[in-house]
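Below you'll find the structure, written out as C-alpha cells, and then a few comments.
Bear in mind these aren't lab numbers, they're just calculated from the coordinates by the rules spelled out. Because the structure is a prediction, the values reported are computed rather than measured. Counting neighbours? That spans all protein chains shown, and the Cβs are built from the backbone with ideal geometry, glycine included.
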Amino acid sequence: MSRSRYPARQRVSYGFPPLAMPGATVLVLGSLPGAKSINACEYYANPRNAFWQIAEQHLGILPQAYAARVKKVTTRGVALWDVLAAATRSGSLDSAIEEDAVPNNFRALLHAYPTIQMICFNGAKACQLFSLFSVLTLTEQQKRIQRLTLPSTSGAHAKMSLREKAKAWEIVWKWPSAQLTR
C-alpha cells in the first residue's frame, strides 16, 4: 500500500512571542511558524524562506547569529509576530491550517507598542487570518492602523522572483519615510 493513501500526520503548532523594541513603527505578521522554524525556535528559519535575504538587501549584511539578526531588524523599528498563537496543521503550508486556530492578542500588543503605524502581512493567508480572527477585537484607533499585504517570503510562493519580492518589501525597511502607493 502506498504511503500517500494515509492522511498526513496532524499536530498542534505553537507560535513564538513577538519580537519588538519600544518605538517599533512596522509590524510584520506571518501566519504561523513552519516546522523548521519551530524546531529551530527562530522566525523564518527555513532556508527556502526569503525573509532574511530580503532584509539583508535593505539593511546590509546581517549577522549569522539569529539574536544579532533580530536585533538589527528590531532596532530598525520593525517588529515580528504571527497572526496565530496555535493551530492544528499537517506539515508547514498555510493551506493546511485547520479551523481550530487560536489568534494572538493584537489589541494588547498594539496597546503595548502604540507607535506601530503599519501592519504588513507576509502573504495573503496572514492577512486573511488577521481579518477573520483579529480585526473585531481591536479598538477603533487600532483599526485605523494602515495595513498592507506583501508577497509571501515562503519558498512555497515561487510565483515571484527574489528581486520582485524584495522590491515589494522595500516599504517595510523605508517606513515611515516611504509613501504608500498601493
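Computed from backbone phi, the HN-Hα couplings of the range 159-167 come to 5, 10, 6, 4, 4, 5, 5, 4, 5 Hz, rounded to whole numbers (Karplus: 6.51 cos²θ - 1.76 cosθ + 1.60, θ = phi - 60°; Gly and Pro given as x). Helix 124-133 and the longest principal axis of the Cα set of the chain meet at an angle near 90°.
Taking Cα centre as origin and charging only the Cβ of basic (Lys, Arg, +1) and acidic (Asp, Glu, -1) residues, the dipole magnitude of the chain rounds to 380 debye. Structure remark: mean-square fluctuation, Gaussian network model of the chain, C-alpha springs under 10 Å; the largest value among Arg147, Arg11, Arg107 belongs to Arg11. Evaluated over the chain, the count of Lys pairs having alpha-carbon atoms less than 18 Å apart is 6 (only pairs 8 or more residues apart or interchain). Summarising the amide proton neighbourhood of Thr149: residues at separation of 5 or more, or on other chains, whose placed amide H is nearer than 5 Å comprise Phe121. Remark on Ser13: its backbone amide H falls under 5 Å from those of Ala87, Thr88, Arg89, a criterion applied only to residues 5 or more positions apart or on other chains, H modelled at 1.01 Å from N. Between Thr25 and Asn39, the modelled labels are 3.9 nm apart [label points 7 Å from Cα along Cα→Cβ]. The calculated FRET efficiency for Glu140 paired with Tyr14, based on their beta-carbon distance and R0 = 35 Å, is about 0.70.
Sorting check: for 49-55, 66-72, 28-34, which peptide has the highest mean count of neighbouring beta carbons within 10 Å, and how do the rest follow? Don't skip to the answer; put the middle values down first.
On the way: 49-55: 21.3, 66-72: 15.0, 28-34: 25.4.
Peptide ranking by packing, descending: 28-34, 49-55, 66-72.
Here the spin labels are modelled as points 7 Å beyond Cα on the Cα-Cβ line, and at Ala156 and Asn105 they lie 2.9 nm apart. Take every DSSP beta bridge whose two residues both sit in the chain; close to 35 percent of them are antiparallel. Ellipsoid fit via the Cα gyration tensor, the chain: semi-axes of 26, 20, 15 Å, each the root of five times an eigenvalue, largest first.
Karplus-based coupling profile of the range 118-123, in residue order and whole Hz: 8, 10, 10, 8, 7, x, with θ = phi - 60° in 6.51 cos²θ - 1.76 cosθ + 1.60 and x standing for Gly or Pro. Enumerate the calculated ³J(HN,Hα) couplings along the range 37-47 in order (Karplus 6.51 cos²θ - 1.76 cosθ + 1.60, θ = phi - 60°), each rounded to whole Hz, writing x wherever the residue is Gly or Pro. Using θ = phi - 60°, the values come out as 5, 4, 5, 8, 6, 9, 5, 6, 7, 5, x Hz.
Report the FRET efficiency, 1/(1 + (r/R0)^6), for Gln117 and Thr88, where r is their Cβ-Cβ distance and R0 is 41 Å, rounded to 0.05. Mind dumping the intermediate values first?
Details: r = 34 Å, r/R0 = 0.82.
Efficiency, rounded to the nearest 0.05: 0.75.
For the chain, excluding the exposed loop sites themselves (GluC sites (Glu not before Pro), DSSP loop, at most 13 other Cβ atoms within 10 Å), the longest remaining stretch covers 1-97.
For Arg163 and Glu56 in one chain, what is 0.36 nm times their gap in residues minus the Cα-Cα distance, to one decimal in nm? Display every interim value, and only then the final one.
Details: separation 107, 0.36 × 107 = 38.52 nm, distance 1.23 nm.
Stretched out fully, the Arg163 to Glu56 stretch lengthens by 37.3 nm.
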